[in-house]
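What follows is a short report on a single structure.
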Amino acid sequence: MPFARKLIPALAAGLIALGLASAARAEGQIRIAQQFGIGYLILDVVQDQKLIEKYGKQEGVDIKVEWTSLSGATGMNEALLAGALDVVSAGAPPALVLWDRTRGRQNVKAIASLGSMPNYLLSNNPNVKTIKDFSDRDRIAVPAAGVGFQSRTLQIETARLYGKADYKRFDAITVSLSHPDATAALIAGGSEINAHFSSPPFQYQALENKNVHKVISSYDILGGPATFNFLYTTQKFHDDNPKTYRAFYNALVEAADFIRHNKAKAADTFIRVQKSKLSPEFVRKIVEDPEINFTVSPERSFVYAEKLHEIGVLKNRASSWKDYFFEEAYAQPGS
């Protein structure tokens with residue numbers, strides 16, 4: 001009896017703990033982080049129209065959605081692996097690196113593309129007309145030096161120009177700086193930042209200044225239109241939350257379709273959600289740019305997978321884009 005009296009509270013405590021753990025794993029919550037810029041317009045539409053909540057109800061789940069803004073892939077990846085976020089967004093290269101490094105453990109994979117759009121390497125140095133013109137006196141601003149989309153794209157082109165062994169040649173002159181701050185520095189001039197591997201809408205803002213010019217586009221490097229950003233998560237979140245995951249994916253598909261058919265309204269959504277001070281005309285011009293395609297289907301992402309493996313950034317070689325995407329994406333075309 002004394003043993004039983006001791007055992008019952010212990011069992012009760014264990015059951016309570018088990019119940020709490022089960023509640024923590026229960027469906028109905030998703031924490032999403034995005035960065036800044038029009039490259040995240042699909043997420044802006046999802047948030048504005050509460051599409052995750054809409055599709056959650058169709059799945060029989062009331063989904064609580066938490067939105068966070070972060071700058072740079074490094075912070076995104078750290079938060080995802082620490083369990084502080086469920087879904088993060090960053091350029092294709094950082095997402096591929098995390099897929100590569102977590103294989104057999106957290107098994108991070110991509111959920112969807114956020115669209116294909118060119119990223120321009122800009123400079124206010126009139127002597128810099130090609131990448132080969134950069135010197136030790138120049139400084140190139142990127143959101144995540146050495147590891148982000150812009151840095152990896154520059155490394156791929158550097159490897160082509162100077163050989164695989166020298167792909168980090170320009171890492172020494174890259175500086176981590178958010179797109180808004182880098183744009184301001186490039187336009188103002190007079191600082192050490194005289195180049196910026198930018199992204200929409202910031203590159204178009206900068207190019208309105210007569211002292212700023214384009215050096216090269218990511219499309220030039222990759223051979224055509226290519227995915228800019230991925231959304232990605234862990235195998236655990238994917239497997240433990242099938243209804244929430246489906247609701248999220250379906251929300252993304254609807255948001256992309258909405259943008260394609262309602263570009264003016266989508267531009268207004270960007271301004272409203274991101275509290276942008278850009279003029280509606282300027283944003284609409286970007287959304288309607290034929291170079292930009294807001295789609296959940298990956299385009300030329302496999303070029304990144306191949307090139308980053310060639311220079312040794314990725315240890316694992318992907319056989320196709322499907323290797324680093326969850327299966328729900330297979331219903332869409334991809335490359």
Fill in the blank from the handout: For the range 216-231 the number of residues that are surrounded by fewer than 24 Cβ atoms within 10 Å (Cβ to Cβ) and part of a strand (DSSP E or B) is 2
Exercise for the section: Looking for whichever is of a type in the set (G, A, S), in contact with a helix residue (DSSP H, G or I) (Cβ under 9 Å, 6 or more places away or on another chain) and open to solvent by less than 10 Å² (accessible area, probe 1.4 Å) here; the options are A141, A145. Which one fits? Expected result: A141
Exercise for the section: Report whether or not R31 is open to solvent by 20 Å² or more (accessible area, probe 1.4 Å) and either polar (S, T, N, Q) or modelled with pLDDT of 95 or more (or both). Expected result: yes
Problem - Of residues in the range 168-215 being within 21 Å of the chain's Cα centre (by Cα) and within 10 Å of Y120 (Cα to Cα), the one surrounded by the most Cβ atoms within 10 Å (Cβ to Cβ) - result: H196
Completion exercise
Per the filter on the range 130-167, residues more than 17 Å from the chain's Cα centre (by Cα) and part of a loop (DSSP other than H, G, I, E, B) are T130, F134, S135, D136, R137, D138, R139, G163, Y167
Practice task
List every residue pair whose Cβ atoms lie under 6 Å apart, where the two residues are 6 or more positions apart in sequence or sit on different chains, the first residue falls within the range 100-124 and is over 26 Å from F197 (Cα atoms), and the second residue, located anywhere, is among the hydroxyl-bearing types (S, T, Y).
Solution key: Q106/T234; V108/T102; V108/Y232; V108/T234
Completion exercise
Among helices (runs of 4 or more DSSP H) entirely within the range 233-335, at least 3 residues that are farther than 26 Å from L81 by Cα occur in 242-261, 263-273, 280-287
Completion exercise
Considering residues that are closer than 22 Å to I221 by Cβ, surrounded by 14 or more Cβ atoms within 10 Å (Cβ to Cβ) and touching a residue at least 40 places away in the same chain (Cβ under 8 Å), the number found within the range 308-317 is 5
Practice task
Output the residue which, of all residues in the range 88-122 that are over 20 Å from D239 (Cα atoms) and open to solvent by 10 Å² or more (accessible area, probe 1.4 Å), is nearest to the chain's Cα centre (by Cα).
Solution key: V97
Problem - Top-ranked residue of the range 49-67 - restricted to ones that are of a type outside the set (D, E, K, R) and closer than 20 Å to D240 by Cβ, ranked as most open to solvent (accessible area, probe 1.4 Å) - result: Q58
Fill in the blank from the handout: When the range 205-229 is checked residue by residue, the ones that are within 20 Å of S176 (Cα to Cα) and hydroxyl-bearing (S, T, Y) are S217, S218
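The values are calculated or read from the model by the stated rules, or taken from the named source; none is laboratory data. None of these values were measured; they are calculated from a predicted model. Glycine also receives a Cβ, built like all others from the backbone with ideal geometry; neighbour counts cover every protein chain displayed. Please note that ligands, DNA and RNA were not included when accessible areas were found on the heavy atoms of the full protein model with its side chains. Shrake-Rupley method; radii C 1.70, N 1.55, O 1.52, S 1.80 Å.
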